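Q: Submitted below is the structure of interest, expressed as structure tokens.
The values are calculated or read from the model by the stated rules, or taken from the named source; none is laboratory data. This is a predicted model, so every value here is computed, not measured. Note: ideal-geometry Cβ built from the backbone for every residue, glycine included; neighbour counts use all protein chains shown.
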Amino acid sequence: MPEEFKPGCERPPIKKMNVETDIAAEPVVKEEKKSMIRVGKPAPDFTTRAFHQGKFKNIGLSELKGKWVILCFYPGDFTFV
Amino acid sequence: MGAEVLSVSVDSVFVHKVWNDNELSKMLGHDIPFMMCSDQDGSIGKAYGIYDEDSGVETRGRFIIDPDGIVQGFEVLTPPVGRNVSESLRQLQAFQLVRATGGAEVTPSGWKPGKQTLKPGIDLVSNVWKVWKVEQAFED
């Protein structure tokens, strides 16, 4: 189940993509694998931070196996619609 | 219906808190009951194909995921148009019914809870017209 965490002053960790550090090497253009979501196929797993009823929590989609999940994306807080 | 709802945007959890505390809880009369997830680098949105690189935000993607972690359905809208929550719930109930019957019953167009389902089988081949009428797709 989602575990509560105490927010500190640090910037929330941002999951960086692999960055090529060897500048001598030829620039590597990484083809990002873009597989379309398809019905009948597994939902991509993720872990992230959430606000839930007065608490900050860490949550992973895989923790919710065994339950139906409605996952809703939206453009941003305080947008009007 | 026992489903877990997760909302996701590129806002931080701090912004989610302030939005809940200062606006949404006033709209609802209570806190947002579901987890408001933060996807600040857009990686979740990218994985689900609904992140808009040009504007740096996530479009209105909604995914129904079953207890095995399988995507059963999705809908994606551009930002200015809001969703129809009751349609999402209808679909959830339909998927739950199909799962509960192991696929022995399926839900025709326009199905709602309590309405007629269809039972696929050899006897139903070419005979749907006898048991199901087109008007049922448009009924309230």
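Q: Given the criterion over 25 Å from A:Gly66 (Cβ atoms), of a type outside the set (Gly, Ala, Ser) and assigned to a strand (DSSP E or B), identify the matching residue among B:Val81, B:Val76.
A: Sole residue among the options that is over 25 Å from A:Gly66 (Cβ atoms), of a type outside the set (Gly, Ala, Ser) and assigned to a strand (DSSP E or B): B:Val76.
Q: Specify the residue that is surrounded by the most Cβ atoms within 10 Å (Cβ to Cβ); the eligible residues are those in the stretch A:57-81 that are more than 18 Å from B:Glu4 (Cβ to Cβ) and not acidic (Asp, Glu).
A: Within the stretch A:57-81, the match that is surrounded by the most Cβ atoms within 10 Å (Cβ to Cβ) is A:Pro75.
Q: Follow-up question, since we're still on this one. Sort through B:Thr78, B:Thr107 and tell me the only one that's farther than 20 Å from A:Pro75 by Cα, polar (S, T, N, Q) and either assigned by TED's automatic domain parsing to the domain that holds B:Gln40 or touching a Ser or Thr at 6+ places or on another chain (Cβ under 9 Å) (or both).
A: B:Thr107
Q: For the stretch B:61-70, indicate whether the set of residues that are modelled with pLDDT of 95 or more, in contact with a Phe, Trp or Tyr (Cβ under 8 Å, 6 or more places away or on another chain) and under 20 Å from A:Phe80 (Cα atoms) is non-empty.
A: Yes, the conditions are met somewhere in the stretch B:61-70.
Q: When you go through B:Val71, B:Val98 one by one, which is the residue that is in a helix (DSSP H, G or I) and aliphatic (A, V, I, L, M)?
A: Just a single option satisfies the conditions, and that option is B:Val98.
Q: Tell me which residues, restricted to the stretch B:70-92, are of a type in the set (S, T, N, Q) and at the interface with chain A (Cβ under 7 Å from one of its Cβ atoms).
A: B:Gln72, B:Ser88 - these are the residues of the stretch B:70-92 that are of a type in the set (S, T, N, Q) and at the interface with chain A (Cβ under 7 Å from one of its Cβ atoms).
Q: Let me ask you something else. Quick one: would you say B:Asp140 is without any contact (Cβ under 8 Å) to a residue 24 or more places away in the chain and either in a loop (DSSP other than H, G, I, E, B) or within 24 Å of A:Gly40 (Cβ to Cβ) (or both)?
A: yes
Q: Determine whether A:Glu32 is within 23 Å of B:Ile50 (Cα to Cα), more than 7 Å from chain B (Cβ to nearest Cβ) and at pLDDT below 70.
A: Yes.
Q: Moving to a separate point now. If the Cβ limit is 6 Å and pairs must be 6+ apart or interchain, which residue in the stretch B:54-69 that is on the phi > 0 side of the Ramachandran plot and within 7 Å of chain A (Cβ to nearest Cβ) pairs with which residue that is part of a loop (DSSP other than H, G, I, E, B) and surrounded by fewer than 20 Cβ atoms within 10 Å (Cβ to Cβ)?
A: Listed by first residue and then by second, the contacts come to B:Gly69/A:Lys65.
Q: Checking the conditions here, which among B:Met27, B:Met36 is in a strand (DSSP E or B), modelled with pLDDT of 95 or more and more than 30 Å from B:Asp123 (Cβ to Cβ)?
A: The conditions single out B:Met36.
Q: May I pose another question? Show the residue pairs meeting these rules: Cβ distance below 9 Å; 6+ apart or different chains; first residue within the stretch B:17-42 and outside the structural domain of B:Ser55 (by TED's automatic domain parsing); second residue among the small types (Gly, Ala, Ser).
A: none
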